[in-house]
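All remarks here apply to the structure that follows.
The values are calculated or read from the model by the stated rules, or taken from the named source; none is laboratory data. Not measured: the values here are computed from a predicted model. No Cβ is skipped: glycine too gets one built from the backbone with ideal geometry, and neighbour counts run over all protein chains shown. Accessible surface areas use protein heavy atoms only, side chains included; no ligands, DNA or RNA. Shrake-Rupley method; radii C 1.70, N 1.55, O 1.52, S 1.80 Å.
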Amino acid sequence: MGNKKINFLNFNFANILIVFLLIFLFAASANAAVYYVDQNHPQASDKNPGTEELPWKTLIHGCAQVKAGDILLVKDGVYTSQTRPEWYIPGIQIVNSGTDTAPIIIKAYPGHTPVIDGQNINHYHFGGHQVSHIIIDGFIVRHALIFFNESSHIVIQNCELVYGWTKSGDPSYTNMIEFRYTNFSTVRNCIIHGNKFVSADGGTNRAAIILHWADDIL
C-alpha cells in the first residue's frame, strides 16, 4: 500500500511538471508575433504597428523591432540603408537574438522577392552584431553584403546574391556573405553569381562566402 501511494504521488508530481511546462511554452509562443514590411503600401510607416494592413515602411525599422520567436515578412521593394553605423554593425541590423526553439525569422512574403541593394553605399548592409538564432530567407541581395559579426546559429537560405560588395579603398575585397567571429551557422539553397571583376589578379579577398575566425560553418 505504501509503495502504491509513493508511485501515485510521483505520478501526480510528474503531471504537475508537464502542466507547468505546457503553460510556459504556451506563454512563450503567445508572445511571438508576425510583422510586415511593405514599402509600397500606401499607408506604410514605421510608426505603424507592423500589421499587414498597417505595415512598416523600412526594413531597418522592422529588423530592430523583432524579438525571439517573431517572424518578419517582407514584401516586394528595394530596401537599403543610408546610415553609417560603426564599421562592424550593418546598416540594416537585426538587433535582438532568437533562441534555439524560437528563432527570429526575416523572410520574403510568399510570392515576393524583396531586394537588398547596397550600390553606392560604403558600409556593411544587412545582418547583425552579437546576435544568435537568426534565419534570413528568400531575399535578392545585389551589390551588397550579408554580414554577421560575433554571432552564432545564423541561417541564410533561399537567397540570390548578385555582384557582391566592394570595400572602399580595397578593390580586392568583393564579397557576398561574411561571417566574422561567427560560429554554428549555415548557408543553404542560395544562388550566388556575378561576383564583380575588380582587379587583374581577381581580388585577393574576392569570395562568395568569406570566413574570418569562424568555426562550424556549413
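Candidates are the residues of segment 46-63 that are farther than 22 Å from Gly111 by Cα and either in contact with a strand residue (DSSP E or B) (Cβ under 7 Å, 6 or more places away or on another chain) or among the aromatic types (Phe, Trp, Tyr) (or both); the one that is least open to solvent (accessible area, probe 1.4 Å) is Asn48. Quickly run through segment 137-184 and pick out the residues that are among the aromatic types (Phe, Trp, Tyr), open to solvent by 40 Å² or more (accessible area, probe 1.4 Å) and within 21 Å of Ala102 (Cα to Cα). Across segment 137-184, the qualifying residue is only Phe184. Residues in segment 138-157 that are of a type in the set (Ser, Thr, Tyr) and part of a loop (DSSP other than H, G, I, E, B): 1 in all. Restricting attention to segment 65-77, the residues being open to solvent by 20 Å² or more (accessible area, probe 1.4 Å) and more than 13 Å from Gly98 (Cα to Cα) number 3. When the residues of segment 78-95 are filtered to those that are crowded, with 18+ Cβ neighbours inside 10 Å and in a loop (DSSP other than H, G, I, E, B), the one that is modelled with the highest pLDDT is Ile94.
Pairs linking a residue in segment 34-61 that is farther than 17 Å from Thr113 by Cβ to a residue that is acidic (Asp, Glu) and open to solvent by 40 Å² or more (accessible area, probe 1.4 Å), with Cβ atoms under 6 Å and 6 or more positions apart or on different chains, are Trp56/Asp46; Lys57/Asp46; Thr58/Asp46; His61/Asp46. When you scan segment 92-99, do you find a residue that is over 11 Å from the mean Cα position of the chain (by Cα), over 17 Å from Val74 (Cα atoms) and without any contact (Cβ under 8 Å) to a residue 60 or more places away in the chain, even just one? Yes, that holds for at least one residue. For segment 37-66, a residue qualifies if it is touching a helix residue (DSSP H, G or I) at 6+ places or on another chain (Cβ under 8 Å) and either over 25 Å from His123 (Cβ atoms) or aliphatic (A, V, I, L, M) (or both), and the qualifying residues are Val37, Gly50. Being touching a Phe, Trp or Tyr at 6+ places or on another chain (Cβ under 9 Å), polar (S, T, N, Q) and crowded, with 20+ Cβ neighbours inside 10 Å is a description that applies to Ser132. The residue list Thr113, Thr186 contains one member that is within 25 Å of Asp70 (Cα to Cα), β-branched (Val, Ile, Thr), free of Cβ contacts under 8 Å to residues at least 60 places away in the same chain and not in a strand (DSSP E or B), which is Thr113. In this structure, does Ile135 turn out to be assigned to a strand (DSSP E or B) and modelled with pLDDT under 95? It is false that Ile135 is assigned to a strand (DSSP E or B) and modelled with pLDDT under 95. If you go through segment 185-194 and keep only what is open to solvent by 50 Å² or more (accessible area, probe 1.4 Å) and closer than 18 Å to Ile105 by Cβ, you end up with Arg188, Asn189.
Put simply, of Tyr109, Tyr88 the only residue that is more than 11 Å from the chain's Cα centre (by Cα), within 16 Å of Lys167 (Cβ to Cβ) and not acidic (Asp, Glu) is Tyr88.
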